[in-house]
Every structure is written in C-alpha cells, then in structure tokens.
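Throughout, read-outs are computed from the coordinates displayed, never taken from laboratory work. None of the values given here were measured: they were computed from a predicted structure. All Cβ positions, even for glycine, are placed from backbone atoms using ideal geometry, and neighbour counts span all protein chains on display.
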Amino acid sequence: MSTASKAYGPLTTAPFGSIFRPARILVADKELLSREVVARKLESLGYICDCCEDSHSALDILAGHSYDLILTDIVPPEKGGVDFLKNILQIRPGIAVILVTSDVNIEVAVDALKHGAYDYITKPFNMEELSIGVSRALEKRRMILENQSYQRTLEEQVASRTVQLRDALGILEQTYHSTLVALSKALDSRHADSEGHTLRITVYGSRLAQALCMSESEIRVMEQGILLHDVGNIGIPDALLEKKDALDENECLLMRNHPEIGFRILSRIKFLEESAKLVLQHHERYNGQGYPQGLQGEDIHLGARIFAVADMFETLTYSRFSCTAENIESACMEINKMSGTLLDPVIVDQFLKIPQHEWKEISSNITKNAGLSKMRRIEKKKNGN
Ligand SMILES: [Fe+2]
Ligand SMILES: [Fe+2]
C-alpha cells in the first residue's frame with residue numbers, strides 16, 4: 001500500500017470539494033520538486049493535497065482514499081495515458097482528472113479528454129494557469145455531481161409516484177370489477193333460480209383463458225364481457241324474459257336483439273369498448289349458426305368463443321339443479337360432441353384437459369356463496385327490512 005506524502009503549507013481559504021469540505025487533491029508527478037511546488041501552491045489556495053510519484057502508487061492511494069481531483073503528469077510508458085485514466089475512473093468514478101502534459105504527448109491528452117479527463121495543462125505552465133484549471137475542473141465536477149444527484153432524486157420520485165399510481169389504479173380497477181360483479185348479480189336476479197349464473201360462467205371462462213395462456217389484461221377484458229354478456233336484456237320486456245312457454249317467431253326475433261342492445265350500451269364506455277365485442281358476439285357459434293352476424297370460426301372474438309364453452313357447461317350442469325360429478329361427466333361428453341360444430345375445438349380440448357374436480361369445486365364455491373346471499377335477502381324480507 002502506498003502512502004501519500006503530505007504537501008507543505010497551511011490551509012488558508014476553503015474551496016469546497018463538496019458541501020462544507022475543502023477539496024482534496026492528489027498530485028501525481030515523478031519530479032519531487034515539481035510535485036512539492038504544485039502541492040504547496042494548491043494548499044495555499046485552501047485545498048488539501050497529497051502527493052505521489054508514479055502510476056502504481058497513485059492507483060493504490062486512490063483505492064484507499066477519496067479525492068475530488070487528481071492532477072497528474074504521469075503517462076506510464078508501459079500503458080497508454082488512456083489506460084491509466086480508465087483505471088483511475090474505475091477506482092474513483094466521480095473524480096476530476098487534469099493531465100499535465102508536454103507538447104510531445106499532447107495527442108495523448110486530447111485522447112484522454114475524449115475518455116473522461118476534465119482538462120489538460122501543457123508544460124511549462126505558471127501557477128495562475130494551474131489554479132484556474134483546478135478551480136474550473138472542481139466547479140465542473142460539482143455541477144456534474146449536483147446534476148447526478150438531481151437525476152437520482154428525480155428517478156426516485158418517479159419510481160415512488162409510479163408505485164402510488166399503480167396502487168391507485170389497482171384500487172380503481174378493483175372498484176370497477178366490484179361494480180360490474182354487482183351489476184351482473186342485479187341482472188341475474190331478474191330470473192328465478194339463476195343466482196350465481198353469470199359469476200360461475202365468468203370463473204369457468206377465466207380458468208379456460210388461463211389454460212389457453214391468455215395475458216392478465218386479456219383475461220380481465222374477457223371477464224368484464226362475460227359479467228355483462230346479457231346486459232342487453234335491459235331492453236327486453238320482462239314478460240318475454242319470464243315466459244315459461246316456447247317463444248313464437250316474433251318473440252324470438254325480439255329476444256335476439258339483446259346482444260346488439262348490450263353492445264350499444266357498452267361500446268360508448270371507454271374502458272368497456274373491447275369487452276363490448278364479446279357481448280355482441282356471445283351468441284355466435286363456431287359453425288356460423290349463431291347470431292346476430294352469423295360469424296364463423298376464428299372470426300368470432302376469442303373471448304366469445306371461450307364464453308360459448310363456459311356457458312354451455314353452465315347450461316348443461318346448472319339446469320339440472322346440482323353440479324354433481326355425474327352431471328359434470330355427462331356435460332363434458334356432450335361438450336366434446338359439439339367440438340368443431342357449435343364450439344371451438346381448440347378451446348374444447350383445453351376444457352377437457354382440466355380435471356373435472358376443478359369444475360366441480362368452482363361451481364360449488366360460487367353456488368354456496370350465492371345461496372348464502374339469497375338466504376340473507378329472504379331473511380331480510382321476512383324481518384321487513
Ligand atoms: Fe345472451
Ligand atoms: Fe346468460
């Protein structure tokens with residue numbers, strides 16, 4: 001470990017290296033007399049100076065001590081000046097470097113400037129030139145460090161605001177989702193025995209979408225569409241919705257308007273624009289026999305094709321009033337028969353790969369919760385609340 005030799009002279013004024021501290025300078029010069037004269041001058045200006053005589057000891061000292069500036073006339077013969085500079089900056093990235101050079105190696109000095117040196121002073125120089133060069137380099141360094149610190153603060157602020165914004169968006173998204181779930185429950189409540197119907201299809205659809213490796217945002221859009229798939233029923237008379245007998249031709253035509261009514265309502269709401277496509281196409285069928293547009297195959301929105309499988313499963317299981325293992329097995333067999341006709345074969349494949357007990361768990365969890373909320377409503381009604 002090299003030791004820096006102290007230069008002479010008392011500390012008089014106090015040019016600062018950073019706030020409240022005089023700048024520390026390492027003078028690296030192979031000539032004893034030269035480095036002592038330079039160091040004495042700099043100390044007389046208020047800087048704290050140490051000296052060393054060759055590149056090895058300079059790097060050694062820098063590794064152990066912090067300096068604001070190095071003034072060096074050393075260009076090691078075994079390495080180019082640029083390599084020495086690179087080593088200095090690697091050890092002390094923020095240090096200001098001033099090269100003292102003779103006319104003969106001015107090219108090395110210019111090259112060093114390109115690689116991060118602050119300045120160079122050509123020999124012979126007078127002390128006035130030296131003090132101006134040092135003070136200018138320290139001022140430049142101060143501004144660079146302040147700028148870096150400002151950038152860091154700015155980046156930290158941006159990062160912290162980004163987290164706050166993300167949290168706020170998360171809460172907003174959760175609120176949207178809860179509102180849509182509440183709306184879908186309100187729509188379901190227009191029909192007897194359809195408690196949990198939409199929520200079950202939504203969760204079946206999500207499970208399928210995960211199996212199909214859809215992204216989180218695609219799944220979110222699809223869920224919104226499924227939750228609101230029958231929102232267009234708002235425009236259909238209650239008498240028609242509640243009719244137990246088969247619908248006549250005119251009634252069928254009227255009923256078939258609900259996807260377009262739903263689309264018109266939702267497509268005007270910015271965050272539901274994409275989900276509105278699912279709503280419009282939720283009665284389209286893979287073989288083109290659906291409505292309202294009679295779309296075929298992959299022309300149908302992926303979310304709507306997933307919905308078709310989930311909805312079919314809900315129809316085949318829930319209509320039997322209990323989602324037993326036997327019902328699920330026979331529903332799976334029937335869905336398999338519809339693969340490539342009413343339903344998309346790729347989605348049916350994924351559906352059949354998911355273990356049947358998973359479908360059962362999803363169904364009973366939602367039905368249990370829906371049942372509880374229904375019981376609460378009946379209880380409230382009985383108590384006159
Ligand atoms: Fe519908
Ligand atoms: Fe439905």
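Using modelled backbone amide H atoms (1.01 Å from N, in-plane), which distant-in-sequence or interchain residues come within less than 5 Å of residue 122's amide H?
Sorted by chain and number, the residues that satisfy this are 101.
Multiply the residue gap between residue 238 and residue 217 by 0.36 nm, knock off their C-alpha separation, and tell me the result in nm, one decimal place. Could you put the intermediate results ahead of the total?
Working: separation 21, 0.36 × 21 = 7.56 nm, distance 3.48 nm.
The span from residue 238 to residue 217 would gain 4.1 nm if fully extended.
As a test, work out the antiparallel percent of DSSP beta bridges whose residues both lie in the chain, rounded to the nearest 5.
Details: 4 of 22 bridges.
Bridges in the chain that DSSP calls antiparallel: roughly 20 percent.
To make sure I understand, if each residue's beta carbon is the centre and we count other beta carbons within 10 Å, what order do 222, 333 fall in, fewest to most? All intermediate terms of the calculation are to be shown ahead of the outcome.
On the way: 222 26, 333 11.
Going from sparsest to densest Cβ surroundings: 333, 222.
Could you put 120, 204 in order, starting from the residue whose Cβ has the fewest other Cβ atoms within 10 Å?
120, 204
Return the subset of 244/368; 86/114; 244/277; 185/368 for which the Cα-Cα distance in this structure is over 18 Å, preserving the input order.
Flagged as over cut-off: 244/368; 244/277.
Which of 125, 313 comes first, and how do the rest follow, when ranked by fewest Cβ neighbours within 10 Å?
So the ranking, lowest neighbour count to highest, is 125, 313.
To the nearest 0.05, how large is the calculated FRET efficiency for residue 40 and residue 91 if R₀ is 30 Å and r is the Cβ-Cβ distance?
Computed FRET efficiency for residue 40 and residue 91: 0.70.
Obtain the nm distance between the two label points defined at residue 360 and residue 21 by a simple spin-label model: each point lies 7 Å from its Cα along the Cα-to-C-beta direction.
Using points 7 Å along Cα→Cβ, the separation is 7.1 nm.
Give, to the nearest whole percent, the P(r) tail of the chain beyond 38 angstrom, counting all Cα pairs.
Distances greater than 38 Å cover 51 percent of the Cα pairs.
For an R0 of 22 angstrom, estimate the FRET efficiency from the Cβ-Cβ distance between residue 186 and residue 210 and round to the nearest 0.05.
Once rounded, the FRET efficiency stands at 0.20.
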